[in-house]
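Written below as structure tokens is the structure these notes are about.
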Amino acid sequence: QVQLVESGGGLVQPGGSLRLSCAASGSIFKIYDIYGMGWYRQAPGKQRDLVATITRGGSTVYTDSVKGRFTISRDNAKNTVALQMNSLRPEDTAVYYCNAYVLASNKYDYWGQGTQVTDTS
């Protein structure tokens, strides 16, 4: 059974920082390497959108609104991914979801339960 367990969400003042972490586990990851890991977020009444992703080789993609403020990193050996969020803004308030995917015959996505990040402004 696959599990992605997130931690690190919470309340933060404008301009503050938070660090989100996610650990992936499951038998599937013993067969297939996790190719990509990332973070998505969903604000109330909106769709779930990409925040940042990182491949096993370290290539990263960020949505424009977080460039220069957020940094994604991963530990391939531990199957963990982190998101350092600095200079937080009210529009960053959302539920943040961890994502991991493997490439087998198809692309298989796995998701965490989500962690709330709230700007207190």
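Table for the structure above
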read-out: Longest to shortest principal axis, alpha-carbon extents of the chain, angstrom; value: 45, 25, 23
read-out: Vicinal HN-Hα couplings computed from phi for region 41-57 (Karplus, 6.51 cos²θ - 1.76 cosθ + 1.60; Hz; Gly/Pro x); value: 9, 9, 8, x, x, 10, 7, 7, 10, 5, 9, 7, 9, 9, 8, 4, x
read-out: Whichever lysines have a C-alpha closer than 23 Å to that of residue 67, once near sequence neighbours (fewer than 8 apart) are set aside; value: 46
read-out: Karplus 3J(HN,Hα) series, Hz, for region 15-26 with 6.51 cos²θ - 1.76 cosθ + 1.60 (x for Gly, Pro); value: x, x, 10, 9, 10, 9, 10, 8, 10, 9, 9, x
read-out: Amide H contacts under 5 Å for residue 35, placed H, 5+ residues apart; value: 101, 102, 103
read-out: Relative contact order %, the chain, counting alpha carbon pairs below 8 Å whose residues are six or more apart; value: 36
read-out: Cα-projected label distance for residue 73 with residue 17, points at 7 Å along beta-carbon direction, nm; value: 1.1
read-out: Only Lys, Arg (+1) and Asp, Glu (-1) charged, at Cβ; the chain dipole about Cα centre in debye; value: 160
read-out: Whole-Hz ³J(HN,Hα) from phi, Karplus 6.51 cos²θ - 1.76 cosθ + 1.60, for region 58-67, glycine and proline x; value: x, 6, 10, 9, 10, 6, 4, 5, 10, 4
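None of the figures in this text is laboratory data; all of them are computed from the coordinates on show. The structure presented is a predicted model; accordingly, all values stated were derived computationally and were not measured. FYI the Cβ positions are ideal-geometry reconstructions off the backbone, even for glycines, and counts take in every protein chain you see.
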